[in-house]
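Some notes on the structure that comes next.
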Amino acid sequence: MKNYDSIKREIIDSTSWLVEHEYLGQLSSGGNISVRVPDKDVVAITPSGMPYRSLDLNDICVIDFDQNPIEGNLSPSIEAAMHIGVYQERSDVNAVVHTHQPFASTLAIINKPIPALFDEITVEIGHVVEIIPYAFSGSSELVNNVRTKLKNACHCFLIQNHGALCLGADMERAMKNAELLENVAQIYYHALATGGEISVLPHSAIDYFADMRKLRFR
Ligand SMILES: [Zn+2]
């Protein structure tokens, strides 16, 4: 029963940070996070319908890619198929953080992809934060919409009328990407509100960082 404890602990610690910083609700259970178990078609994921501030190790679900339970008595997140779809589509990704963080979610309801605005964001997240078209939470249509957009090799996405999807080679990097996304979404929101012209990075910089990412994330 101890096999997955370190991964479960990582999920609980990350969830606590996300709740504390208002990326996930205090009392509600919107959003969900997961980690791929190394070298297996197995994922540890937050449960469905549980307030995140009171999770313990036994509450984290371990399931295979067909969603058969391996450990845990609770039902996995209704977005489990979306997480599994990410792992099947992207071998470079081993952690998924899906939140309803405020500024990213604001851009998700005005359908504004975030262009390449800053060096660090473009290196870590990629050249764009694209919009994944809306579909019901937990639906196979949403999973298909996510899988299609993942082909751009970027590490953050906005789910239309829903929230944010942040990916990483491990949980530490997925969490860092969630924070970077919220920072750039907040800045982009304020910049849009001025009505001024948005200055995007030049193509030469975008190409340079794209080459750097190919070396880092291949
Ligand atoms: Zn959600």
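Read-outs: derived from the displayed coordinates by stated rules, not from any lab. All figures in this text were calculated on a predicted structure; none of them were measured in a lab. Note: ideal-geometry Cβ built from the backbone for every residue, glycine included; neighbour counts use all protein chains shown.
Using label points projected 7 Å from each Cα along Cα→Cβ, tell me how many nm separate ALA169 and ASP39, to one decimal.
So the label points at ALA169 and ASP39 sit 1.9 nm apart.
Assuming R0 = 45 Å, can you tell me the calculated FRET efficiency for the pair GLU197 and THR148, based on Cβ-Cβ distance, to the nearest 0.05?
Values: r = 31 Å, r/R0 = 0.69.
It comes out at approximately 0.90.
Before anything else, pin down the relative contact order of the chain: Cα pairs under 8 Å, at least 6 apart, normalised by residue count, whole percent.
Relative CO of the chain lands at 19 percent.
Report, to the nearest 10°, how far helix 80-89 tilts away from the longest principal axis of the Cα atoms in the chain, using its own Cα long axis and a range of 0 to 90°.
60 degrees
Under 14 Å from the Cβ of LYS40, count the other residues' Cβ atoms, weight Lys and Arg +1, Asp and Glu -1, and hand me the total. Write out the running numbers ahead of the final one.
Values: positive: ARG36; negative: ASP39, ASP41, ASP64, ASP66, GLU71.
Charge balance near LYS40 sits at -4.
How far is the Cα center of region 102-168 from the Cα center of region 19-63, in Å?
20 Å
Would you calculate, for the chain, the mean residue ellipticity at 222 nm contributed by helices, counting each DSSP H stretch of 4 or more residues as -39,500 (n - 2.57) and dividing by all residues, to the nearest 500? Please report the intermediate quantities before stating the final value.
On the way: 7 runs with 89 residues, N = 218.
Calculated from helices alone, the mean residue ellipticity at 222 nm is -13000 deg cm²/dmol.
Run the dipole for region 1-153 about the Cα centre, Lys and Arg Cβ at +1, Asp and Glu Cβ at -1, nothing else charged, and hand back the magnitude in debye, nearest 20.
260 debye
Give me, ordered by chain and number, the residues 5 or more places off ALA116 or on other chains with an amide H under 5 Å from its own placed amide H.
LEU201
What do you get for the angle between helix 171-194 and the principal long axis of the chain? Use alpha-carbon atoms, 0 to 90 degrees, nearest ten.
40 degrees
If each of GLU22 and LYS214 carries a label point 7 Å out from its Cα toward its Cβ, how far apart are those two points in nm?
Each label point is offset 7 Å from its Cα along the Cβ direction, giving 4.2 nm.
I'd like to know which of ILE11, TYR23, ALA169 lies farthest towards the positive end of the charge dipole of the chain, counting +1 on Cβ of Lys and Arg and -1 on Cβ of Asp and Glu.
ALA169
Going by the alpha-carbon gyration tensor, a ≥ b ≥ c the square roots of its eigenvalues, is the chain rounded (a/c under 1.5) or, if a/c is not under 1.5, prolate (a/b greater than b/c) versus oblate?
Details: a/c = 1.90, a/b = 1.55, b/c = 1.23.
Since a/c reaches 1.5 and a/b is larger than b/c, the shape of the chain is classed as prolate.
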